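Trainee: Shown below is the structure under consideration.
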Amino acid sequence: MLDMSQINDIRDLKQMGYRNSEIVKKVKADAKTVRKYLKQDDFSPTPPLLKERPSNLDPYKGKIAEWLDEDKKTWKKQSHTAQHVYDRLVEEHKYKGSYNIVQRYMKKVREQAKTRGTLELIWAPGTVQVDFGEADVIKDGKQIRLKFLTASFPYSNNGFSQFFGGETAECVCQGLKDIFKYIGGVPQLAVFDNATGVGRRIGEAIRESELFKRFRSHYVFQVRFCNPDSGHEKGNVEKKVGYNRKNLFVPVPQIDQLATYNQGLLDRHAKKAEEAHYKKGIPIKELFQEDVKALAPLPPKEFDVCRYEWLNADGYGKVCLDGKHHYSTCPENANRKVLVGVRAHWVDILADDGQMIARHDRSYGDARTDVSDYSTSLLMLLRNSGAWQNSGLRIQVPELLRDYMDAQTKESRKNTLRIMDELTGQYGWDAAVKAMEIAAGRGGVNICDAAVLAARITGYGIDTPPEPGPALSVYDQMFLGKEALPS
């Protein structure tokens, strides 16, 4: 089985016009394997239902990386071999593992560090530069500073931006996915800043994140990372970042949901494309047509931008992401591993079979955060309804429903919680709670009435008037022999 770097080499060579037989010789892979990866049309990550077994080498990989970084400053013939690394680990760090583990790891590291060919610094149609900027926005009534990804096409000077909470690989891939879909194609080449979350150049080595490797193999485009301190290599996008901040984000925009705001933000670039190119004197939108002609078609399947991790839950069933952001799962997950899907805007809590059981807005920044969804505590409360008064779920339900349940006996409250659990599973938490609130206001909650209300909420809407039925006056006249009574 090939790793993603080798698969990208195969697909890159195909894009450059090589025949399959030539690719087989260049990558030294089986012809059947090459055909398989050229035909594959979906590289989205899938939930890793089995955790990879740890290696005895894991505690020493950071030290190995330091030694290899030092090698970049020395003569190549005096750099570490796998044997040198193994000997130093044994002598200096009392390593107890085998040499074969070290040898396989060193081979993997060197394969991932292969240098890629570069193109001349000529901005042909269909080439995009990518970078992040910062802008203040008002979200949840507070003014905060967010990151915005900008993809700029130097040939036409057209560009598109998307807001995110951070600069992670998930943010970059989600932003590019939405921009590619909006413009209707995939650029031939993408040039990235060295500090972008998808990867970076360290000396002659290029290290890409696993998610981005899959993303660009899915969309089939080439990538180049700028050299450190070489801003001229992406000067167009740096100017576009400043331009968009001054022209699109003044006055300070008010944002409710980032994903929704980003959809409308793409349309706002159309007005700016009416302007003439600063140098060519031709409207940007006309020049952009040349960019569009040079785009490759979108793949038949959309890429699912998600990174999966197994995380250890604490005694409350909460998991910690990025070392500081805590998310609730459910009490039953206390002190066990939980499968988490990490997205640009959300964090998905998954069951062992990969099914989503909860979704949280993703938190960013250096401050500690704690995000809870008390609806996942329903099953625990069903076993111990006496904990209702001190549960977080009690605070989350509307006041009218809360007062109704506070006044119930323990047994009656357990039945109400059972109704809540059943309706949540069928109609979702919001619809279930709303239906039960209405039912409580009408005198009492029972499964029949609450289910009808929840169905209406998720279907036609609770306030939608019923459709008028057929006029019955004609039957009155036919059978009763009288004129229709006024309605």
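Trainee: Roughly what would the spin-label model give for E70 and L49, points 7 Å off Cα along C-beta, in nm?
Mentor: It works out to 4.5 nm between the two label points.
Trainee: Taking R0 as 60 Å, what FRET efficiency do you get between R368 and F479 from their Cβ-Cβ distance, rounded to the nearest 0.05? Let's see the in-between values first.
Mentor: Details: r = 75 Å, r/R0 = 1.25.
Computed FRET efficiency for R368 and F479 comes out at 0.20.
Trainee: Right, next: Quick one: what are the phi-derived ³J(HN,Hα) couplings along segment 244-254, Karplus 6.51/-1.76/1.60 with θ = phi - 60°, whole Hz, x for glycine and proline?
Mentor: 5, 5, 6, 9, 9, 10, 10, x, 4, x, 9
Trainee: When you take every Cα atom in the chain, what is the radius of gyration, and what is Dmax, the widest Cα pair distance, in Å?
Mentor: Considering the chain through its Cα atoms, Rg and Dmax are 29.1, 110 Å.
Trainee: Taking a threshold of 32 Å on the Cα-Cα distance, which of the pairs K147/K213; K14/K147; K39/K337 fall above it?
Mentor: K14/K147; K39/K337
Trainee: For a paramagnetic label modelled at 7 Å from the Cα of Y182 toward its Cβ, which residues of segment 121-151 fall within the zone defined by backbone nitrogen distances under 11 Å?
Mentor: Residues 149-151 qualify, since their backbone N sits under 11 Å from the label point.
Trainee: So, in nm, how far is label I447 from label Y261 when the simple model puts each one 7 Å beyond its Cα toward the Cβ?
Mentor: Each label point lies 7 Å from its Cα, and together they span 4.4 nm.
Trainee: Please give the charge dipole size of the chain, origin at the Cα centre, charges +1 on K and R Cβ atoms and -1 on D and E Cβ atoms. Round to the nearest 20 debye.
Mentor: For this selection, approximately 2000 debye.
Trainee: A further question follows. Name the residue farthest towards the positive end of the dipole of the chain from the options L350, G317, Q222, assuming +1 on Cβ of Lys and Arg, -1 on Cβ of Asp and Glu, about the Cα centre.
Mentor: Ranked along the dipole, the leading option is Q222.
Trainee: How high is the relative contact order of the chain, in percent, counting Cα pairs under 8 Å that sit 6 or more residues apart?
Mentor: Contact order relative to length: 12 percent.
Trainee: Right, something else. Per 5 Å bin, what is the whole-percent P(r) computed from every C-alpha pair distance within segment 138-189?
Mentor: 4, 18, 25, 21, 16, 9, 4, 2, 0
Trainee: Another question, then. Please give the length that would be gained between I282 and N384 if that part of the chain were fully extended, namely 0.36 nm times their separation in residues minus their C-alpha to C-alpha distance (nm, one decimal). Provide the component values of the computation, followed by the final result.
Mentor: On the way: separation 102, 0.36 × 102 = 36.72 nm, distance 7.07 nm.
Using 0.36 nm per residue and subtracting the Cα-Cα distance, I get 29.6 nm.
Trainee: I need the Debye-formula profile for segment 275-357: one equal scatterer per C-alpha, no solvent, reported as log10 I(q)/I(0) at q = 0.14, 0.16, 0.25 1/Å, two decimals.
Mentor: Log10 I(q)/I(0), no solvent term: -0.60, -0.66, -1.16.
Trainee: Among F479, F163, Q6, flag the residue with its Cα farthest along the positive direction of the charge dipole of the chain, charges on Cβ as +1 for Lys/Arg and -1 for Asp/Glu.
Mentor: The residue sitting farthest along the positive end of the dipole is Q6.
Trainee: Another question about this same structure. Could you work out how far apart the two model spin labels at R104 and K26 are, taking each label as a point 7 Å from the Cα in the direction of the beta carbon, and quote it in nm?
Mentor: Each label point lies 7 Å from its Cα, and together they span 3.0 nm.
Trainee: Let me ask something else about it. Can you work out ³J(HN,Hα) from phi for every residue in segment 208-220, in order, using Karplus 6.51 cos²θ - 1.76 cosθ + 1.60 and θ = phi - 60°, giving whole Hz and x for Gly and Pro?
Mentor: Karplus-based 3J(HN,Hα) across segment 208-220 equals 9, 6, 4, 4, 5, 4, 5, 4, 6, 6, 5, 8, 6 Hz.
Trainee: Separate question: What is the calculated FRET efficiency for R88 to V250, with r their C-beta to C-beta distance and R₀ = 51 Å, to the nearest 0.05?
Mentor: 0.35
Trainee: On to the next question. Any idea what % of Cα-Cα pairs in segment 264-318 are farther than 19 Å?
Mentor: Numbers: 918 of 1485 pairs.
Beyond 19 Å sits 62 percent of the P(r) for segment 264-318.
Trainee: Using the Cα atoms of segment 1-62, I'd like the radius of gyration and the largest Cα-Cα distance, Dmax, both in angstrom.
Mentor: Answer for segment 1-62, Rg first and Dmax second: 15.4, 43 Å.
Trainee: For segment 320-401, divide the Cα radius of gyration by the Kirkwood radius and give the resulting Rg/Rh value with two decimals.
Mentor: Taking Rh as the inverse mean 1/r over Cα pairs, Rg/Rh reads 0.99.
Trainee: Here's a follow-up. Mean residue ellipticity at 222 nm from the helices of the chain, using -39,500 (n - 2.57) per DSSP H segment of n ≥ 4 over the full residue count, to the nearest 500 deg cm²/dmol?
Mentor: Numbers: 18 runs with 200 residues, N = 487.
It lands at -12500 deg cm²/dmol.
Trainee: Counting only other residues whose beta carbon sits under 13 Å from that of D430, what net charge do I get with K and R as +1, D and E as -1?
Mentor: Surrounding charge for D430 is 0.
We did not get these values from a lab; they are worked out from the coordinates using the rules stated. Values in this document were obtained by computation on a predicted structure and should not be read as measured data. Here Cβ is always computed from backbone atoms with ideal geometry, including for glycine, and neighbour counts include all displayed protein chains.
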